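Have a look at the structure below before the remarks.
The values are calculated or read from the model by the stated rules, or taken from the named source; none is laboratory data. Just so it is clear, the model here is predicted, and its values are computed rather than measured. Positions of Cβ are backbone-derived with ideal geometry, glycine not excepted, and every protein chain shown enters the neighbour counts. Ligands, DNA and RNA are excluded from the accessible area calculation, which covers all protein heavy atoms including side chains. Shrake-Rupley method; radii C 1.70, N 1.55, O 1.52, S 1.80 Å.
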Amino acid sequence: GGATAVTVVCAALAAYPLSRHPAGWGRPYLLTILFTTCLPITAMMVPVYGLFVQVELIDTLYGTGLFLAASQLPFSIWLMKNFMDSVPMTLEEAAWTDGASGAQTLLRVVLPLMGPGLTVVTIYTFIQLWGNFFVPFMLILSPELLPASVSIFTFFGNYGSVVYGQLAAFSMLYSAPVLALYLLIARRLGGGFALGGSVKG
């Protein structure tokens, strides 16, 4: 949850200037961001593990959360920018005329109007981070700190023995947060970007 919050906030702050202030370097920068999502996480784990040991972030939840947020940030920026492009600039110009600052325009005009897009980014980010097995498996050493995506692996015993009853019960609990998050904000997905008529008059 913390990694999801960090990712969504940073993605919104990064996507806003890319969407509202297009420049010659904007498209190459976005393509570079998208290219970073193609890097396999396994190729980065060796230097990341060495870095975490040096800065004493190994076996910490907040350190692992920061790396998970950083790994998910490029695609979230790309998604957020595309959703932000659909918000008309005239609404921001009206807010600026009334004396709103750039930060106030982003928080009170742009983000509320792109609520469905913000919801999509949040759900997608949470699902990707919640189901990530490899990163916490490598960066967290203490068994009591392991997230559910790694703890579920302990139900698979040696020599093909599987504790099916406990595995089934844990699987239900493991899927509950994702379902709860979707049910809480699913109503915002049905309305779409209800911007029709927002720029009339």
Which whole-Hz ³J(HN,Hα) couplings does region 102-119 yield from phi under the Karplus relation 6.51 cos²θ - 1.76 cosθ + 1.60, θ = phi - 60°, glycine and proline marked x?
-> x, 5, 5, 5, 5, 6, 9, 10, 6, 4, x, 6, 9, x, x, x, 5, 5
What are the ³J(HN,Hα) values, in whole Hz, obtained from phi via the Karplus relation 6.51 cos²θ - 1.76 cosθ + 1.60 with θ = phi - 60°, for each residue of region 32-41 in sequence order, with x given for Gly and Pro?
-> 5, 4, 5, 5, 5, 6, 7, 5, x, 5
Cut-off under 5 Å, modelled amide H: who pairs with Val163 long-range | Gly157
Rounded to a whole number, the Stokes-Einstein D of the chain in µm²/s (Kirkwood radius over Cα pairs; 25 °C; 0.890 mPa s) is 127
Of the accessible area of region 1-141, computed with a 1.4 Å probe and all protein chains kept, carbon and sulfur make up a percent value of 70
Net charge near Thr105, counting Lys/Arg +1 and Asp/Glu -1 over other residues with Cβ under 13 Å of its Cβ?
-> -1
GNM flexibility winner over the chain from Ser86, Ser76, Ser101 (Cα, springs under 10 Å) | Ser101
Once you have a ≥ b ≥ c as the square roots of the Cα gyration tensor eigenvalues for region 2-46, tell me rounded if a/c is under 1.5, and otherwise prolate or oblate according to whether a/b is larger than b/c.
-> oblate
How much accessible area per residue does region 9-78 have, in Å², with a 1.4 Å probe?
-> 59
